[in-house]
Amino acid sequence: MKKLFKGNSEPSEDKGAEPEMSVDVSNKSSITDPNYTRDKMFKKGVSFMADDRMDDAVQSFEKALQIDPGHVDSLLKLGYARFHMGDFAGATESFNKVHEIDVTNSDAWNLQSLIYYKQKNYDKALSCVEKAIETNPTDGMFWYNKACYHSLLNHIPESIESLKRSIEIDVKNAKKAVRDKDFENVKADEGYRRIVEVVVLESVRQGYHKVGQIVWTTMLGKAEVEDAARKLLEKGLLIKVEVNVGLSKVDEYEIAPELAAKIGVEKKGLFGTTKKTNPLLVQHLKAISEAVQAVKNAIEKGDVEDVIAKMNVFIDPSKSGAQMIEHFFDEHRDIRLFKARLLDKGYDYLQANKRKMLEMFDHIESQVTQRLRSETAQNT
């Protein structure tokens with residue numbers, strides 16, 4: 001049904017690590033870094049999880065927590081591993097410890113909601129995920145889970161509204177939703193049918209122009225695809241063209257030119273390769289680049305209120321929040337953390353972490369510049 005945890009948290013360099021738990025204390029990193037042993041245990045645990053070795057993962061995270069009982073990442077992953085093993089009581093214990101340290105931790109609330117979901121206690125699942133959203137309203141996964149719980153509770157308007165919010169943050173959630181059995185209760189709703197239209201439109205944008213191709217890529221029924229395509233034609237978002245295939249003609253759908261100019265399209269080339277033309281991506285990257293310059297200037301000046309205001313641009317989904325989640329997920333999380341600490345500790349925290357903040361935004365700027373050069377070269 002749902003993504004349980006952030007997918008980029010398993011470091012590939014540790015995948016396939018041996019099960020032994022000893023640590024080479026002779027490595028000079030263990031001398032210069034007081035958290036070396038804890039972090040090594042944590043990474044081993046993550047590696048074991050990637051290999052689906054949950055028992056070994058639990059042992060690694062427990063060793064990390066023996067060294068540092070307040071290490072939130074180890075507590076979260078320990079709870080996640082226990083969840084996968086069906087140890088819901090143990091997982092809940094881990095998430096409760098996280099909330100003793102930070103009651104606003106959104107990942108712990110979301111994961112706790114999934115425990116209640118598995119237990120079919122949808123009211124409590126909904127309550128938990130709402131707490132996750134209170135802390136982090138820009139996470140599409142949280143909104144998607146909220147939509148599922150509302151659907152299972154037969155709260156149709158609330159489910160549709162939450163699902164729309166999820167799709168606004170990440171359009172891929174629309175494609176996931178049309179195949180998710182948790183939404184059986186809302187499929188007759190007009191709002192849900194508009195979500196089907198979004199899925200069909202996105203499929204055409206990605207270069208699948210025939211009804212059969214759209215059915216194959218979306219897992220929708222043929223009648224659903226044809227009905228959605230008809231409505232999109234009526235709205236002027238799609239156009240239908242006849243293409244000669246041998247001695248017969250086949251209907252294909254294309255994005256209307258005005259819309260294509262705004263959202264970009266993908267064209268299938270020879271041997272199935274795809275050439276992308278995406279002016280909207282370029283626009284988003286330029287907006288992020290401008291926001292980076294603004295926040296760096298505010299950090300250099302040491303104006304805490306201005307730094308917080310400039311950081312909001314990277315968090316707010318109506319600005320660059322959704323693009324940051326898609327292209328700079330880790331940095332988006334770090335910016336949220338920096339903002340929370342600045343709100344709590346103010347000028348002293350800014351001065352102590354100025355270099356770290358500037359390095360992070362320099363990295364974002366470098367990546368944005370590379371992407372912009374790539375897009376420009378591709379479209380010339």
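Observations, loosely collected:
- For region 186-208, the criterion of being under 24 Å from GLN112 (Cα atoms), of a type outside the set (Asp, Glu) and at pLDDT below 90 is met by no residue.
The rows are residues; the columns are (1) part of a helix (DSSP H, G or I); (2) out of contact with any strand residue (DSSP E or B) (no Cβ under 8 Å at 6 or more places or on another chain); (3) modelled with pLDDT under 90; (4) at positive phi.
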site: GLU93; (1), (2), (3), (4): yes, yes, no, no
site: VAL98; (1), (2), (3), (4): yes, yes, no, no
site: VAL103; (1), (2), (3), (4): no, yes, no, no
site: ILE115; (1), (2), (3), (4): yes, yes, no, no
site: ARG165; (1), (2), (3), (4): yes, yes, yes, no
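- Picking from residues in region 311-333 that are more than 18 Å from VAL171 (Cα to Cα) and touching a Lys or Arg at 6+ places or on another chain (Cβ under 9 Å), the one that is modelled with the lowest pLDDT is ASP330.
- Exactly one residue out of LYS77, LYS63, LYS43, LYS97 is over 30 Å from LYS176 (Cα atoms), within 22 Å of the chain's Cα centre (by Cα) and surrounded by 15 or more Cβ atoms within 10 Å (Cβ to Cβ), and it is LYS43.
- Any hit, region 212-219, residues being at pLDDT 90 or above and either part of a helix (DSSP H, G or I) or in the same structural domain as LEU76 (by TED's automatic domain parsing) (or both): no
- Taking residues in region 41-57 that are more than 16 Å from GLY86 (Cβ to Cβ), and partners anywhere that are crowded, with 17+ Cβ neighbours inside 10 Å and of a type in the set (Val, Ile, Thr), the pairs with Cβ atoms closer than 9 Å and at least 6 places apart or on different chains are MET41/ILE67; GLY45/VAL58; PHE48/VAL58.
- Any hit, region 300-313, residues being surrounded by fewer than 13 Cβ atoms within 10 Å (Cβ to Cβ) and not in a helix (DSSP H, G or I): yes
- Among (1) part of a helix (DSSP H, G or I); (2) at pLDDT below 95 - the single one LYS124 does not satisfy: (2)
- Qualifying residue in region 143-151 (condition: among the charged types (D, E, K, R) and in contact (Cβ under 8 Å) with a residue 12 or more places away in the chain): yes
- Checklist (1) within 25 Å of the chain's Cα centre (by Cα); (2) more than 16 Å from ALA125 (Cα to Cα) applied to ASN105, failing item: (2)
- Filtering LYS231, LYS240 for residues that are basic (Lys, Arg) and not in a helix (DSSP H, G or I) leaves a single hit, LYS240.
- Single residue of region 238-253 satisfying the filter (in contact (Cβ under 8 Å) with a residue 40 or more places away in the chain and within 33 Å of the chain's Cα centre (by Cα)) that is surrounded by the fewest Cβ atoms within 10 Å (Cβ to Cβ): GLU252
- Only listed residue being surrounded by 15 or more Cβ atoms within 10 Å (Cβ to Cβ), without any contact (Cβ under 8 Å) to a residue 60 or more places away in the chain and assigned to a helix (DSSP H, G or I), chosen from GLN370, GLN323: GLN323
- Restricting region 148-161 to residues that are of a type outside the set (Val, Ile, Thr) and surrounded by fewer than 24 Cβ atoms within 10 Å (Cβ to Cβ), the residue that is nearest to the chain's Cα centre (by Cα): GLU161
- The lone criterion from (1) surrounded by 15 or more Cβ atoms within 10 Å (Cβ to Cβ); (2) at pLDDT 90 or above; (3) of a type outside the set (Gly, Ala, Ser) left unmet by VAL265 is number (2).
- Restricting attention to region 108-142 and to residues that are over 26 Å from ASP316 (Cβ atoms) and of a type in the set (A, V, I, L, M, F, W, C), the residue that is nearest to the chain's Cα centre (by Cα) turns out to be LEU114.
- Any hit, region 313-332, residues being over 24 Å from ASP107 (Cβ atoms), assigned by TED's automatic domain parsing to the domain that holds ASN297 and of a type in the set (Gly, Ala, Ser): no
- Among the residues examined, VAL304 qualifies as modelled with pLDDT of 80 or more, over 27 Å from ARG230 (Cα atoms) and either over 22 Å from the mean Cα position of the chain (by Cα) or in the same structural domain as GLY236 (by TED's automatic domain parsing) (or both).
The values are calculated or read from the model by the stated rules, or taken from the named source; none is laboratory data. Since this is a predicted model, take the numbers as computed values, not measurements. Reconstructed Cβ throughout: ideal geometry from the backbone, glycine too, with neighbour counts over all protein chains shown.
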